[in-house]
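The values are calculated or read from the model by the stated rules, or taken from the named source; none is laboratory data. Note that the structure is a prediction, hence the values are computed from the model and not measured. As a convention, Cβ positions derive from the backbone with ideal geometry for all residues, glycine included, and neighbour counts pool all protein chains shown. Protein only, heavy atoms only, side chains kept; ligands, DNA and RNA dropped before computing areas. Shrake-Rupley method; radii C 1.70, N 1.55, O 1.52, S 1.80 Å.
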Amino acid sequence: AQAGGAVARAKRGVKALAARSRKTYLLGGALVALLAFVMNGLSSCAPLVQSAMQSLVIAAYPAGDEDLLAAERYYANLEKELQNELNHYASYHPGFDEYRIEADDIWHDPHALMALISAHVNGEWTVDDAYGYMDRLFEKQYILTEDIEEETRYRREWVTRYRRVEDEETGNVTWVPYQVEEDVPYTYRICTVTLDNFNLSHLPFYVLSREGVGRYAMYISVLGMREDLFRGNPYASTLREPGEYDIPADVMEDETFRRLIEEAEKYIGYPYVWGGDSPETSFDCSGFISYVFTNSGVYDTGRRGATGLYSLCRKISPAKARPGDLVFFQGTLGEGVDGNDGITHVGMYVGDHKMIHCGNPIGYADLNDAYWRQHFYGYGRVPE
């Protein structure tokens, strides 16, 4: 029943998606290979994928448009409530002299949300099935913390003092009040509120099984065949074609590089998945490079991050870079994002100022583009 429902929904979008066939680049070998792993957990859809059309059907979000839009409205409303709390924090949490709000921007990619829900449910779903899981995702994405400080401060106040007055005739003593302005100590309480946006697309490995991450990659690779559903949302992902480049025949004569590039090109079109390190889960930038070097048999890097790969390498000047070297970048996560200092991205140099890397999706990129020049960090050579 689940498979039949998915087929019915998918057919509604097949014609529209086919019109954008160049963007459905994963429907060739890449998506079918990814599905081969994922489908082991979808018994209702056995046997395994046999055609690109079947891949289209299975990669569609297993929910109707009304439920997808309702889920998006629910999650967006949670974010509005959070923003309102930040805007009026003193009213919601009284008792402090000063409030300091240090907050990341509040936003999410609706396609990441739908892919996460679909991967979690692993079957048809409605918005009623998703409320609890969305609450869990929200708690994982947005971390709100308070740091309370107390300081002894002083303020000028009029204070009542008494002076002794003795009657000269009777000797009687009275205490006469008078006012004096003094610095008076008091406890000043500061509430520093920090909101960290972990980014919804960074959550798959934290909220899904490894098989679930594979399903997430499947859905996000074609945006669940609903690319247009969230058109107009500035945070919604869009499908992009992988960069293309034909490597000259003479460069391919180098045996080491040929092994590397033949392995790397198997995954052109795979989507970027934070933390991904294999074809079953798709890749992030460092997971892709680590996998290519290890599985080509050139060098077993282990699973390293971009900084770890850089520490492994011998440093190379741009003038001496050759195909197969690694090229590193800094500050590519965006301003104000945790972890944006230092090396944040890595690709493999293929010559002619080009690299192959796990962008979104995996493909080739021109290092002469202004973006890559701006964020360039350095070259490195993996031990031979």
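Between amide H atoms placed 1.01 Å from N, distances below 5 Å from HIS345 occur with PHE329, all of them 5 or more places distant or on a separate chain. Restriction of the trypsin sites (Lys or Arg not before Pro) in segment 256-307 to DSSP coil positions whose beta-carbon has at most 15 other beta-carbons within 10 angstrom yields ARG303. Of the residues ALA306, ALA321, ALA370, the one whose Cα sits farthest toward the positive end of the charge dipole of segment 297-384, with +1 on the Cβ of Lys and Arg and -1 on the Cβ of Asp and Glu, is ALA321. Other residues within the sphere of radius under 15 Å centred on the Cβ of LYS315, judged by their own Cβ, net out at +2 (K and R +1, D and E -1).
Measuring nothing but how far apart in sequence close Cα pairs (under 8 Å, 6+ apart) lie, relative to its length, segment 155-277 scores a relative contact order of 21 percent. Positive-end ranking of VAL176, VAL251, LEU200 along the dipole of segment 112-271, with charges on Cβ about the Cα centre, is headed by LEU200. Probing with 1.4 Å while keeping every protein chain in the model, the per residue accessible area of segment 214-335 equals 44 Å². Rolling a 1.4 Å probe over the protein heavy atoms of segment 235-279, with every protein chain left in place, gives an accessible area that is 44 percent carbon and sulfur. Could you tell me which of rounded, prolate or oblate describes segment 273-373, using a ≥ b ≥ c as the square roots of the eigenvalues of the alpha-carbon gyration tensor, with rounded for a/c under 1.5 and, failing that, prolate when a/b is larger than b/c and oblate otherwise? Rounded shape, in that the Cα axes give a/c under 1.5. Within the accessible surface of segment 302-384, defined with a 1.4 Å probe on protein heavy atoms only, the carbon and sulfur portion equals 47 percent. Checking every one of the GluC sites (Glu not before Pro) in segment 168-239 against DSSP loop status and a limit of 13 other Cβ atoms within 10 Å picks out GLU168, GLU169.
Within segment 154-224, what whole-number % of the accessible surface is contributed by carbon and sulfur, with the 1.4 Å probe and all protein chains included in the calculation? Heavy-atom surface of segment 154-224 belonging to carbon and sulfur, 1.4 Å probe: 46 percent. Simple point charges give the picture: +1 on the Cβ of Lys and Arg, -1 on the Cβ of Asp and Glu, and for segment 220-349 a dipole about the Cα centre of about 320 debye. Across segment 178-324, counting alpha-carbon atoms alone, Rg and Dmax equal 24.4, 98 Å. Within straight-line reach of LYS80, meaning a Cα separation under 19 Å, sit the following aspartates and glutamates at least 8 residues removed in sequence or on another chain: GLU72, GLU102, ASP104, ASP105, ASP109, ASP135, GLU139, ASP196.
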